[in-house]
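The values are calculated or read from the model by the stated rules, or taken from the named source; none is laboratory data. Note that the coordinates shown come from a computational prediction; the quantities given were computed from them, not determined experimentally. Backbone-built Cβ (ideal geometry, glycine too); neighbour counts: all protein chains shown. Ligands, DNA and RNA are stripped out before the accessible areas are found, and what is left, the full protein with its side chains, is counted by its heavy atoms. Shrake-Rupley method; radii C 1.70, N 1.55, O 1.52, S 1.80 Å.
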Amino acid sequence: DVSSPKHGKVDPDNMPHVGGNTWAGGTGGRDTAGLGGKGGPYRLDAGHRVYQVSQAEKDAVPEEVKRAAREMGEKAFKRRLKEIQMSEYDASTYERFSGAVRRQVQSLRIILDNLQ
């Protein structure tokens with residue numbers, strides 16, 4: 001069961017963590033920042049293969065946990081914007097322009113990676 005969202009512990013060795021309720025950047029777990037899990041406050045990619053919990057499990061997260069996770073994610077987003085000296089308006093403008101060329105940038109990255 002999910003209880004309350006949190007960032008989670010950071011693994012200094014960046015080992016892959018699947019499931020559980022401990023590690024930041026893990027996959028398929030609960031309550032912590034990561035990918036493919038449920039109840040975490042925000043997405044955090046540590047570069048590992050993603051294990052996804054079912055949509056039914058995600059839908060079963062209590063509304064108060066979802067609300068707490070959204071609030072924690074919003075606070076983290078605003079804190080990060082402040083760190084990089086960017087306003088919310090700047091972030092939305094950046095996202096609008098970035099989104100318009102996202103596919104082309106991804107294609108170019110693939111081409112450059114293959115050339116290397």
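Please list, ordered by first then second residue, the pairs with beta carbon atoms under 9 Å, 6 or more apart or interchain, first in the stretch 1-27 and among the aromatic types (Phe, Trp, Tyr), second in a loop (DSSP other than H, G, I, E, B).
Between residues of the stretch 1-27 that are among the aromatic types (Phe, Trp, Tyr) and residues that are in a loop (DSSP other than H, G, I, E, B), the close pairs are Trp23/Gly8; Trp23/Val10; Trp23/Asp11; Trp23/Met15; Trp23/His17; Trp23/Gly29; Trp23/Ala46.
Considering each residue of the stretch 1-50, count those that are among the hydroxyl-bearing types (Ser, Thr, Tyr) and assigned to a loop (DSSP other than H, G, I, E, B), and give that number. Outline the logic, then answer.
Within the stretch 1-50, the first condition is being among the hydroxyl-bearing types (Ser, Thr, Tyr), and the residues that meet it are 3-4, 22, 27, 32, 42.
Pick out the ones that are also assigned to a loop (DSSP other than H, G, I, E, B) and you get 3-4, 22, 42.
Residues meeting the conditions: 4.
Being more than 15 Å from Met72 (Cβ to Cβ), open to solvent by 50 Å² or more (accessible area, probe 1.4 Å) and among the charged types (D, E, K, R) is the filter here; which residues of the stretch 1-27 pass it?
Asp1, Lys9, Asp13
What do you reckon, is Lys75 in a helix (DSSP H, G or I) and within 19 Å of Thr22 (Cα to Cα)?
Numbers: in a helix (DSSP H, G or I): yes; within 19 Å of Thr22 (Cα to Cα): no.
Considered against the rule, which asks whether it is in a helix (DSSP H, G or I) and within 19 Å of Thr22 (Cα to Cα), Lys75 comes out as no.
Taking the stretch 28-54 only, how many residues are open to solvent by 70 Å² or more (accessible area, probe 1.4 Å), in contact (Cβ under 8 Å) with a residue 12 or more places away in the chain and among the basic types (Lys, Arg)?
2
Confirm whether Gly39 is of a type in the set (Gly, Ala, Ser), under 22 Å from Ser4 (Cβ atoms) and in the same structural domain as Pro12 (by the TED database).
Here the answer is yes, as Gly39 does meet what is asked.
Which residues, taken from the stretch 77-96, are of a type in the set (A, V, I, L, M, F, W, C) and loosely packed, with under 10 Cβ neighbours inside 10 Å?
Once the filter is applied, which keeps residues that are of a type in the set (A, V, I, L, M, F, W, C) and loosely packed, with under 10 Cβ neighbours inside 10 Å, the stretch 77-96 yields only Ile84.
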